[in-house]
Each structure stands twice: as C-alpha cells, then as structure tokens.
Amino acid sequence: MVTVNHQYGCGVAIDAPEAKVPQRLIRNIALHPNFGGQFMLVGLGCEKFTPERFCALWPELNTPENVLILQEHKGHAAVMDAILEMAERKLQKLNERKRVELPLRDLLVGMQCGGSDAFSGITANPTAGYAADLIVSGGGTVMFSEVTEVRDGVQFIANRCIDEKVGARLVEEMKWYDAYLRAGGVDRGANTTPGNKKGGLSNIIEKSMGSIAKSGTSPIVEVLSPGEKPTKHGEIFAATPASDLFCGTAQLASGMGLQVFMTGRGTPYGLAAAPVIKVCSRSEMKEQWFDIIDYNAGPAALGQATIAEQGEELFRYILDVASDRKQPYSEQYRWHNDICIFNPAPIT
C-alpha cells in the first residue's frame, strides 16, 4: 500500500488557472497501473478537492467502495475500522491478480538524473540514452523530463520533434516554465546545486548539455504537461520540475512504471510506486556505495567499456527489473521518498 499525501485541502484556490496541475497529478497517481486499478480516497469531508472533483473524469468510481469520508464516522475507533475494512477489501482483489507476460510495447520507462557531476553527461546519461533508444526501437516508451535541465539545450531536442505540432508543444512548455520561474523572482541558473559544482559542473548550461544525453537520439513523438498521460509510444518529453521528488512524482502521474535514475554525487532516492534503478557516473561512486548503486557507468570513462556495451547491459537490466527477475537496491531496502505534488497555484 502506498499513501499519496498532499496539501491540497480546505485552504486552496481550487479554481485558479494552474490548480489543474496538482489535481491532475493526484488523480493520475491514484489510478497508476502499478496499483492494480485499486485506490482508496480518504477525505476529511470539507476540503475543496471533493470526491466529485477527484472523480470528475470517472464518476462511476465515486462510490462507497472507493471513497471514505472521515467526518461521517463517530470516534477514532470507527474511523480506523472503516479504513482497515476498506483496505482489506482492496487487498483481497489485488491478491487475485496474476503476473502475465507482456510485450515491450507496454513498458513505460522514466529517465531522470539527480546529484549530477561532470561525468554524468559523459558516462551515465549517454549509457541511459543508449538503453532508451533500444527500448524505443523495440516498441516501448521512454519519458525524460526536467524543464530547467533541458532549457539551455532545447534546440537539440526541438530538432528531434516529429512535426511542427510537437515542436510547438515543446515551445509552450518552455515558455510556461520561464514565466513560472520569473514570477518567483528567479531564473533557471538557480538550479545548479553545491553538489553539482563540487562535482565539476559550473553552470546550468553545462548541466543541460549532459542532462539531455539521457534521452538518447530517438524522435520525440509527444510533449506532456506535468502529470499528463501519454497517447503515443516512443520517446516523450514530460515537462516537470527538475527537483528529484517532484519530477519522480510527475512521471508517476504520467504512468511511468519503472525509473532509471542517473547520479554522479550519489543519492538514496527511491519511489514506493515504481522501482528505481540507480546508475552512477564514476567507478569511485560505485565503490563507495557498492550496495546502493545498481549499475556503474564509470568504466566508459576509463576506456574499459563503450557506451554501446554499457547501454545494452543497462537495457537488459531494465527488462529484468520490469519482469521481476531482479530487484534494484531501492526496492530491497524500501527506500521510498514522499510523494511531492507540484502545485504552481496559490494557497489561500
């Protein structure tokens, strides 16, 4: 069971123009494929994001089987009993499910990087990009994100858009995020962290050049707003914040079933709703965190392996994790970060 907490309760501007973003994220995460079609909507009873709003696209789901309102129960014990009884009914249904073999076309893999260093764009991200191209060539779907970490190299991904319509959507998302940052009194230069700089990245432009490499070279077939569901198979750009926790949550809302996470500095990041494969950029990082990092892309920097060789290894590891033949360390340790819902709308 995964708890999707959020701060979208009574004191929010529910009809503000950008309130659609957190509402879309919450809805889509609740119906994530990895939850097996079962969700529990537990509400207080006076919040503005009502069950009716939550189920606006699927009114048939607004039933006592799925929705529990705390204010309708008398006392703590009754509240807890109602929650546990609903959970038990959901678990009984989930326990009836059986694993079946599915084609690669049904796999949606998210690509994200965090704690990047100067080697991320040379080893880890290109390795992931090669694996991404293999997934796409096999009919699967790859999603890469982080607006501020592609913005200064956006021309390179714009040239890969399959048509003018997709290119125009890319421009729309870049402009939206530029305005969002400007309204907050900052620009994308605020993105680069002390850890990035210790690792040799001096500015956001350098960071962007390396970040884009994780997307591979495949044509970009669709551009999504935060938390939107894809309608096509292939390479997709999902516009999200660059923050690890917000990006991972937004990719989950877009239906990502497994994530590949590249790091140079190291992070115990993980997601409760999907397995996370961590790829490091240097062999020293793997030696330091030998039981945290799943795949070491460092040998490519030493001439001990090619990007193609590593990309194919990583591709096969992705398939093993998706097929439950292997478990990344984040799953073994159950390192699960909080669900962080991106909310650009005002709180009243």
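The values are calculated or read from the model by the stated rules, or taken from the named source; none is laboratory data. In this text, all values refer to a predicted model and were calculated from it rather than measured experimentally. Here the Cβ positions follow ideal geometry from the backbone for every residue, glycine too, while neighbour counts run over all protein chains shown.
For the condition surrounded by fewer than 22 Cβ atoms within 10 Å (Cβ to Cβ) and touching a Ser or Thr at 6+ places or on another chain (Cβ under 7 Å), D152 qualifies.
Rundown of residues vs (1) in contact with an Asp or Glu (Cβ under 8 Å, 6 or more places away or on another chain); (2) crowded, with 22+ Cβ neighbours inside 10 Å, yes/no style:
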position	(1), (2)
G189	no, no
P194	no, no
K207	yes, yes
K229	no, no
L258	no, no
M262	no, yes
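Candidates R105, R24, R99, R89: the one that is surrounded by 16 or more Cβ atoms within 10 Å (Cβ to Cβ) and charged (D, E, K, R) is R24.
Restricted to the range 75-100, and to residues there that are without any contact (Cβ under 8 Å) to a residue 24 or more places away in the chain and either in contact with a Pro (Cβ under 7 Å, 6 or more places away or on another chain) or of a type in the set (D, E, K, R) (or both), the residue that is farthest from L252 (Cα to Cα) is D81.
For the range 205-217, state whether one or more residues are within 22 Å of F119 (Cβ to Cβ) and out of contact with any helix residue (DSSP H, G or I) (no Cβ under 7 Å at 6 or more places or on another chain). Yes, there is a match, as at least one residue in the range 205-217 is within 22 Å of F119 (Cβ to Cβ) and out of contact with any helix residue (DSSP H, G or I) (no Cβ under 7 Å at 6 or more places or on another chain).
Kindly indicate whether any position in the range 282-290 is touching a residue at least 40 places away in the same chain (Cβ under 8 Å) and of a type in the set (S, T, N, Q). Checking the range 282-290: not a single residue is touching a residue at least 40 places away in the same chain (Cβ under 8 Å) and of a type in the set (S, T, N, Q).
One residue stands out in the range 300-322 among those that are touching a residue at least 40 places away in the same chain (Cβ under 8 Å) and not aliphatic (A, V, I, L, M): the one that is farthest from S211 (Cα to Cα), namely Y317.
Taking the criterion of being among the polar types (S, T, N, Q) and under 13 Å from S120 (Cβ atoms), the residues of the range 176-202 that qualify are T192, T193, N196.
Being surrounded by fewer than 18 Cβ atoms within 10 Å (Cβ to Cβ), without any contact (Cβ under 8 Å) to a residue 40 or more places away in the chain and touching a Leu at 6+ places or on another chain (Cβ under 6 Å) is the requirement here; does L44 meet it? Step through it out loud before you land on a result.
Values: surrounded by fewer than 18 Cβ atoms within 10 Å (Cβ to Cβ): yes; without any contact (Cβ under 8 Å) to a residue 40 or more places away in the chain: yes; touching a Leu at 6+ places or on another chain (Cβ under 6 Å): yes.
For L44, the condition - surrounded by fewer than 18 Cβ atoms within 10 Å (Cβ to Cβ), without any contact (Cβ under 8 Å) to a residue 40 or more places away in the chain and touching a Leu at 6+ places or on another chain (Cβ under 6 Å) - is met.
The strands (runs of 3 or more DSSP E) found wholly in the range 19-137 and carrying at least 3 residues that are of a type outside the set (G, A, S) and assigned by TED's automatic domain parsing to the domain that holds E284 occupy 108-113. Residues in the range 195-239 that are more than 18 Å from Q155 (Cα to Cα) and within 20 Å of the chain's Cα centre (by Cα): S225, P226, G227, E228, K229, P230, T231, K232, H233, G234.
Residue-level check: of (1) outside any loop (DSSP other than H, G, I, E, B); (2) surrounded by 11 or more Cβ atoms within 10 Å (Cβ to Cβ); (3) in contact with a helix residue (DSSP H, G or I) (Cβ under 9 Å, 6 or more places away or on another chain), I14 misses just (1).
Within the range 153-192, the set of residues being in contact with a Pro (Cβ under 7 Å, 6 or more places away or on another chain) and closer than 23 Å to F342 by Cβ comprises Y180 only. Do you know which of the residues in the range 53-83 that are farther than 15 Å from L31 by Cα and of a type in the set (G, A, S) is surrounded by the most Cβ atoms within 10 Å (Cβ to Cβ)? Ranking the candidates gives A82 first.
Return the residues of the range 299-314 that are over 10 Å from T127 (Cα atoms) and among the small types (G, A, S); say none if nothing qualifies.
A301, G303, A305
Here G255 does not qualify as small (G, A, S), over 16 Å from A274 (Cα atoms), modelled with pLDDT of 95 or more and in contact with a strand residue (DSSP E or B) (Cβ under 6 Å, 6 or more places away or on another chain).
Taken over the range 264-298, the criterion of being among the β-branched types (V, I, T) and modelled with pLDDT under 95 is satisfied by T267 alone.
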